[in-house]
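Worksheet: one structure, shown below.
The values are calculated or read from the model by the stated rules, or taken from the named source; none is laboratory data. Just so it is clear, the structure is predicted and the values come from calculations on it, not from any experiment. Because the Cβ atoms are built from the backbone with ideal geometry, glycine has one as well, and the counts that use them run over all protein chains shown.
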Amino acid sequence: MKMFIEKITGMDIYYDNTTKDLVFNEKPLKKSIRTIEEMKNVISNKDWYNQVNPKRKMYYMFRDISKPKDKTTTEETNLRYDITVIPPDLMGDEYVKTQGHAHPFIPGTKTTYSEIYQVLNGHALFILETKDGKDTKTSYIYAKEGDIIIVPPNHSHVTINPTDDILIIANWVERNFTSDYKPILKNNGLSYYLLKKDGDRVFIKNPHTKCHSELTEMKPINPELLGLKKDESIYNLIKAPEHLEFLTRPNDFKDFFKKVTENK
Ligand SMILES: [Fe+2]
């Protein structure tokens, strides 16, 4: 089955659910596969993990996608557009999710890089988490096709597919940094897991986290904040790359991030 995502990306691109390939201009893109083995630490139900094939494929990452005419701009501005495909699955009673990570500090600062996401197909539940003194603040955002989410600086994040549909998401991010998986692996995930209980979605606290953490709901951002129309592709931001500078120089965009974090 081919899933065409041309409208929301502005590119000749589709996901082939038979081969698990993302095909761009008729060619399959280079794919990174996340297996359950790599996610062992962050799964709620370790008994379930012990019964499954550790090589089970959980989700697929396709990095550094650009139209040929935009390639130089993405390189010169240190930006990268990626697509991730998360097919529906359950890890025991927990909804399938990304492994989760933090971003590194910008050299010479205590600020980490930010990131922007857009849902291209299906529905996603994003969990964002940040330290607040000794406490932790956790937020979740439910997002449908077209919706845009911003991961502000100094936030770790996980993306969950809480549905029976194939979730496809895109992101722009600073192209050279390496995500930091260690804190999340050490803490067995973020502060909350999303489980399926009697057909309902239920958050449970991660029993391994010592810190107190509130869980609050936030909303996707208003696309106008980025100069985009409703359901317009975030890929288009590369046409005026200064609109993506909040990713590489977040310290110069404090008012912008204030609006993003107050979006409840
Ligand atoms: Fe990230």
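In this structure, is Tyr140 under 17 Å from the mean Cα position of the chain (by Cα) and touching a residue at least 60 places away in the same chain (Cβ under 8 Å)?
yes
Please enumerate the residues belonging to segment 101-119 that are over 28 Å from Met3 (Cα atoms), more than 10 Å from the ligand (Cβ to nearest atom), in contact with a Ser or Thr (Cβ under 9 Å, 6 or more places away or on another chain) and not β-branched (Val, Ile, Thr).
Pro104, Phe105
Out of (1) within 14 Å of the ligand (Cβ to nearest atom); (2) part of a loop (DSSP other than H, G, I, E, B); (3) without any contact (Cβ under 8 Å) to a residue 60 or more places away in the chain, the odd one out for Val52 is which?
All conditions are met except number (1).
Considering Thr77, Thr35, which residue is touching a Ser or Thr at 6+ places or on another chain (Cβ under 9 Å) and among the polar types (S, T, N, Q)?
Thr77
Quick one: which of Thr72, Thr19 is assigned to a helix (DSSP H, G or I) and polar (S, T, N, Q)?
On inspection, the qualifying residue turns out to be Thr72.
Quick one: would you say Met3 is modelled with pLDDT under 95 and in a loop (DSSP other than H, G, I, E, B)?
no
Looking at segment 135-149, is at least one residue in contact with a Ser or Thr (Cβ under 6 Å, 6 or more places away or on another chain), modelled with pLDDT of 95 or more and within 12 Å of the ligand (Cβ to nearest atom)?
Within segment 135-149, none of the residues are in contact with a Ser or Thr (Cβ under 6 Å, 6 or more places away or on another chain), modelled with pLDDT of 95 or more and within 12 Å of the ligand (Cβ to nearest atom).
Tell me, please, whether a residue that is among the β-branched types (Val, Ile, Thr) and touching a helix residue (DSSP H, G or I) at 6+ places or on another chain (Cβ under 8 Å) can be found in segment 199-217.
Looking through segment 199-217, none of the residues is among the β-branched types (Val, Ile, Thr) and touching a helix residue (DSSP H, G or I) at 6+ places or on another chain (Cβ under 8 Å).
Please state which one of Lys71, Lys31 is surrounded by fewer than 16 Cβ atoms within 10 Å (Cβ to Cβ) and touching a strand residue (DSSP E or B) at 6+ places or on another chain (Cβ under 7 Å).
Lys31
Do any residues in segment 200-220 that are without any contact (Cβ under 8 Å) to a residue 40 or more places away in the chain have Cβ atoms under 6 Å from those of residues that are surrounded by 13 or more Cβ atoms within 10 Å (Cβ to Cβ) and part of a strand (DSSP E or B), where the two are at least six apart or on different chains, and which pairs are they?
Cβ pairs passing all conditions: Val202/Leu195.
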